[in-house]
Each structure stands twice: as structure tokens, then as C-alpha cells.
Amino acid sequence: VERLREKYSKPIVGSVQTWDVLEKLGLAYDPTDKQLCAVSQWIHTLQVVEGMEKDRIDNELLLLTGWLHDLGKVLLVYGESPENVVCGNSVISGNIGVGLDNCILQWNHDEFGYKVFSEILPYEYSWLIRYHSIDVNKCSEYFNQKDRSLVDKFLNPFKKYDKGTKSM
């Protein structure tokens, strides 16, 4: 975790527009996601946002987060090992009830995306990017009240689109 945090503490491609990086997701394929059937992460992102729009989600920041949530998977295009990008986001160490922000979680694309957007997006949306792929049941003992609130308000509803819109 520390090695990967250090490795990605500085920009990996210099100064680029977010949209240009999002387009690179067209070259990124998650080898572990059998539901996508080798469809690119760009298509997955489009599916997420399309599902949200179909349900008339009008929260512009939530729609933006739908676009950005898997941006960290662009690391697959830049040569990072898939096991460091698409692995589960689970707690490695932490005390019960301290909150996810006070735990050490396995490093993956969520953490990379969070690092990129945590100073730009309001906390709850960067939190969603950081923890969108956690297994709520396995991590719930580490939640504090803030996490529980964000899981109910943002994460559980978002999972409908992240998991439920994958199709060919």
C-alpha cells in the first residue's frame, strides 16, 4: 500500500485534461470483470451515467462522479499490474468503528481516483470514488457514523448503477 501510494503521489502522465484521461478508458479492460465481457471501462462509464440519467438522477455532482468513479483503471493502460488496479478494496488494518478514512485499505483504482479528485470534489463525492468498490458487509464493522450515512445516501444507490448497468 505504501509503495503504491508513493508511486502515484505525483502525476503519471504530466498535466492533462480529465476528459483526455477518461477517453483512455476506451483502452482499459478489466480482466476480472466477467459481467463486462471484455467491454472497455469507457463503455462501462457510459453505461453507469446512462442508467443514472434514465432514472432521472439530476444531481450533477453525482452524475460527474459516475463519469469519474473508475478513472483509476486507466492505470491498466499505463502498465500497472492488474492485481494493483482491479483488486478488491478491503480493510487491511484498522480498529472497529474508527471510520474508513482511519483504516488502511488495499490499494486499487479507487484510491488513485480519490487522490486525483479529493481536492476538487466535495468530500462525499470523493469519498464515493474512494470506497465505491468496497464490500459493505465485510467493511461495515470499521464504519463510523459518517461512513454509515454516506453508504446509505450515496454508496448503496450508486452500486445499482455501477453493478447493475453492465451489459453488452
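The values are calculated or read from the model by the stated rules, or taken from the named source; none is laboratory data. Treat the numbers as computed from the prediction; the structure is a model and nothing was measured. Note that each Cβ is placed from the backbone with ideal geometry, even for glycine, and that neighbours are counted across all protein chains shown. Areas reflect the complete protein model, heavy atoms only, side chains present, ligands, DNA and RNA absent. Shrake-Rupley method; radii C 1.70, N 1.55, O 1.52, S 1.80 Å.
Here Trp42 meets each of (1) touching a residue at least 24 places away in the same chain (Cβ under 8 Å); (2) in contact with a Leu (Cβ under 6 Å, 6 or more places away or on another chain) with one exception, condition (1). Checking Lys73, Lys115 one by one, the residue that is charged (D, E, K, R) and free of Cβ contacts under 8 Å to residues at least 60 places away in the same chain is Lys73 and no other. All told, Leu100 meets the bar of being open to solvent by less than 20 Å² (accessible area, probe 1.4 Å), at negative phi and in contact with a Cys (Cβ under 8 Å, 6 or more places away or on another chain). Just so you know, in the stretch 104-146 the residues that are more than 13 Å from Val86 (Cα to Cα) and of a type in the set (Asp, Glu) include one that is modelled with the lowest pLDDT, and it is Glu119.
Of Ser140, Ser133, Ser118, Ser126, all but one fail to be farther than 19 Å from Gly88 by Cα and polar (S, T, N, Q); the exception is Ser118.
For the stretch 151-163, residues that are open to solvent by less than 60 Å² (accessible area, probe 1.4 Å) and not hydroxyl-bearing (Ser, Thr, Tyr) total 7.
The helices (runs of 4 or more DSSP H) located wholly in the stretch 103-150 that include 1 or more residues which are closer than 27 Å to Leu25 by Cα and open to solvent by less than 10 Å² (accessible area, probe 1.4 Å) occupy 109-117, 123-131.
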